[in-house]
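Notes follow once the structure below has been shown.
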Amino acid sequence: MEENKNLENVSLEKEEVVNENIESNVQDNEPLDKNIKLMSPTRMVIRRFFRSKLSIIGLIMVIGLFVFSFFGPLVYTRWGETTPDSSPLTEYATSEFTYTVNGQTFVVRQSVEKEMSYNSYAPISGDHLLGTDQQGYDIFTRLMYGGRISLTVSFLAVFVITLLGVVMGGIAGYFGGWVDNLIMRICDVLMCLPGVPILLIIGLILDSAGVGGSERIYWLMIYLTLFSWPGTARLVRGQILSLREQEYMVAAEAMGYSAPRKIFKHLVPNVMPQLIVQMSLSLGSMILYEATLSYLNLGVRAPFAAWGTMINIISTDPNVITDHFLAWGPAGICIVIAVLGFNFVGDGLRDALDPKMRR
């Protein structure tokens, strides 16, 4: 097996060297051998991406989370997101009394039965694959629905941030002058705004407006989207400033193409490799944002599920950390898997799209 892997790596390296030689021959106007088959750039990028073990691991992590979150509830239908286990449960509380008679100390322990209205902190069983939380909700089911919220919100936010950044950065980099100065000063102002205090204020406004459930996180992510695009805009602007003086842009100018066509047809596609890498890396950051907001009780509210909301139980009951790991541990593990998966994929794409990388 190791010999086959080594032979495959050697063959891949030979194909890349052949492609480099062909490109150099084309530039030098030398004749090409008709028996040599040129590998397309897309295929070369895919080959480089899948040669990285971390990239494959990250891709498996991301695909696994998507399958678990979006297709899992279609298979595991025993419990719903907001359906607690209302089976009767008897909890025993122990109290101690100490008294002294004739110099002797006596300790009396009394066990008191307390009837619970829901099956709180149930252990792992056939009915509950990961047990239940303090409200009797099935943890395994809430992990799946919480993944839907985290992944959906993160992808929507990153997509809108990239769209705004491409539009504003493309306009600033192409036109320059006062247009560039105006857009960049807007970016400076947005990047100076304090994020957490404004989120707290928005959370209070949403509370007064009666917005609850899972809708709150979407409103908060809209704020993050509107104030997070300056980084993408700066990246696009810097790339376009270096590309707009290239020969093909001079030819597009001579042919009388309109400004939107030159920006979005000829300039932006040349920035897409950098944008793809940034989008994949930003997904992990957005998942952390969502989890942090839900943990601070600013995002998704109970009884709806989110990974950050499931971890919020630590702040309300410190004993849960040591006594009930299943109530918060699986949600933290899902967050770690999501962030690591997107970062591994982003690193793999960065290396695969970099023409200087030859591994």
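The values are calculated or read from the model by the stated rules, or taken from the named source; none is laboratory data. Note that this is a predicted model, so its numbers are computed, not measured. Glycine gets a Cβ as well: all are built from the backbone with ideal geometry, and neighbour counts include every protein chain shown.
In the stretch 124-164, the qualifying residues are those that are of a type in the set (Ser, Thr, Tyr) and part of a loop (DSSP other than H, G, I, E, B), and the one that is nearest to residue 310 (Cα to Cα) is 137. Restricting attention to the stretch 172-194, the residues that are within 15 Å of residue 231 (Cα to Cα) and part of a helix (DSSP H, G or I) add up to 13. Does residue 302 satisfy the condition of being at pLDDT 80 or above and in contact with a helix residue (DSSP H, G or I) (Cβ under 8 Å, 6 or more places away or on another chain)? In short, no. Taking residue 211 and the conditions (1) exposed (fewer than 13 other Cβ atoms within 10 Å of the Cβ); (2) outside any helix (DSSP H, G or I), which numbered condition does it fall short on, given that it satisfies the others? So residue 211 meets the others, but not (1). Taking the stretch 262-338 and the helices (runs of 4 or more DSSP H) fully enclosed by it, the elements with 2 or more residues that are surrounded by 22 or more Cβ atoms within 10 Å (Cβ to Cβ) are at 272-295, 307-311.
For residue 346, state whether it is modelled with pLDDT of 80 or more and within 20 Å of residue 136 (Cβ to Cβ). Criteria not met by residue 346.
The rows are residues; the columns are (1) under 26 Å from residue 232 (Cα atoms); (2) buried (at least 20 other Cβ atoms within 10 Å of the Cβ); (3) β-branched (Val, Ile, Thr); (4) not assigned by TED's automatic domain parsing to the domain that holds residue 225.
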position: 144; (1), (2), (3), (4): no, yes, no, no
position: 150; (1), (2), (3), (4): yes, yes, no, no
position: 153; (1), (2), (3), (4): yes, yes, yes, no
position: 158; (1), (2), (3), (4): yes, yes, yes, no
position: 164; (1), (2), (3), (4): yes, no, no, no
position: 168; (1), (2), (3), (4): yes, yes, no, no
position: 172; (1), (2), (3), (4): yes, yes, no, no
position: 178; (1), (2), (3), (4): yes, no, no, no
position: 184; (1), (2), (3), (4): yes, no, no, no
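Within the stretch 39-58, residues that are more than 14 Å from residue 344 (Cβ to Cβ) and touching a residue at least 12 places away in the same chain (Cβ under 8 Å) sit with their Cβ atoms under 8 Å from residues that are surrounded by fewer than 14 Cβ atoms within 10 Å (Cβ to Cβ) and not hydrophobic (A, V, I, L, M, F, W, C), at 6+ positions apart or across chains, in these pairs: 48/359.
Among the conditions (1) at pLDDT 80 or above; (2) crowded, with 19+ Cβ neighbours inside 10 Å; (3) hydroxyl-bearing (Ser, Thr, Tyr), the only one that residue 258 does not satisfy is (2).
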